[in-house]
Amino acid sequence: MLASFLITFREGLEAFLIVGIILSYLGKLQATKYKKFIYLGVLIGVVISIIIAYIFQVVIYGMDNETYQHYLMIFILLFATLVLSYMVVWMANQSKQIKGEIEENIKKLVTAGNIAGMVFLAFLAVLREGFETVLFFSSLSFSESITLEDGLIGAFSGLVLSIVLVYFLMRGAKNIPIKSFFKYTGLLILIIAGGLFGSAVSMMQAADLLPTFIPVVYDISFILDDRGLFGTFLRALFGYNSSPTFMHLISWAVYMSTAILLWRKTYSYAK
């Protein structure tokens, strides 16, 4: 549940921040008559995101061939790992200039009276984050990290909290440490991505796409079983495995060390 909460909180915050910047700037331009078109774009983005989620479920779970389904799940896990990792780096590099770019685009659209462009701008902001959320949830379900009920509770909680936070930000709550929030939630997102990557490696080994080498490097399930209550929580958030194979352990360690190194360098340059 924590993983799904964090993902929707982060994704929702990015989407609603962009929408909030658009609405705020329309007010500064005294062009509030265009706000309804921004809301329309948001609504369309939400609807299309829901349709994409449904298509994902139909395509993946509607497959009769279990081998193809297995391969598709591996691809989605790897793709989600890549997108999650890129998202963290992109946000760190773009956070300083994204507000200015959005305001410049809105000014041009208002000057030209381009209603379709305003709808599309809001639609794109929501759809991008919506697609990423669908992708991440599918990946988490494939890695057996969350149940549907826990995932929905976490997702709804994260979404509501992101809306509340954006509301206070737009109302002038300057004391909210938004930069630190993105920095450290970015680190947690990378840890989640590491767990997804580990799950992809395990699935590739099950499909004989990767060698196992050593079936069990160590087994500490008698201390903390990854199927127990707390172990399940750690598996969902950190990709914890109480009895990993050699390939699983090495792959996870290489990804995490590389991801954390990039995270530190990116945020040191973004200061």
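Quick one: angle between helix 148-170 and the longest Cα principal axis of the chain, in degrees between 0 and 90, rounded to 10, please.
30 degrees
For a quick protection proxy, order the peptides 257-265, 129-137 by their average other-Cβ count within 10 Å, most packed first. Please list the in-between numbers first.
On the way: 257-265: 14.3, 129-137: 22.2.
Ranked from most to least packed, the peptides come out as 129-137, 257-265.
Using Cα-Cα distances under 8 Å and only pairs 6 or more residues apart, what relative contact order does the stretch 2-269 have, in percent? Write down the numbers at each step before the final one.
On the way: 311 pairs, mean separation 84.4, N = 268.
With pairs under 8 Å counted, the relative contact order is 32 percent.
How long, wide and thick is the chain, going by the Cα atoms along their three principal axes, in whole angstroms, largest first?
Taking max minus min along each principal axis of the Cα atoms, the chain gives 66, 45, 29 Å.
Taking 7 Å along the Cα-to-C-beta vector as the label spot, tell me the Ile214-Tyr54 distance in nanometres, rounded to one decimal.
Spacing of the two 7 Å Cα→Cβ label points: 5.0 nm.
Answer with one residue from Phe123, Leu152, Val19: the one whose Cα lies farthest towards the positive end of the charge dipole of the stretch 2-269, charges on Cβ with Lys, Arg +1 and Asp, Glu -1.
The residue sitting farthest along the positive end of the dipole is Val19.
Since every read-out is calculated from the coordinates, none of them should be taken as a lab result. Model, not experiment: these values are computed from the prediction. Using ideal geometry, Cβ is built from the backbone for each residue, glycine included, and neighbour counts are taken over all protein chains shown.
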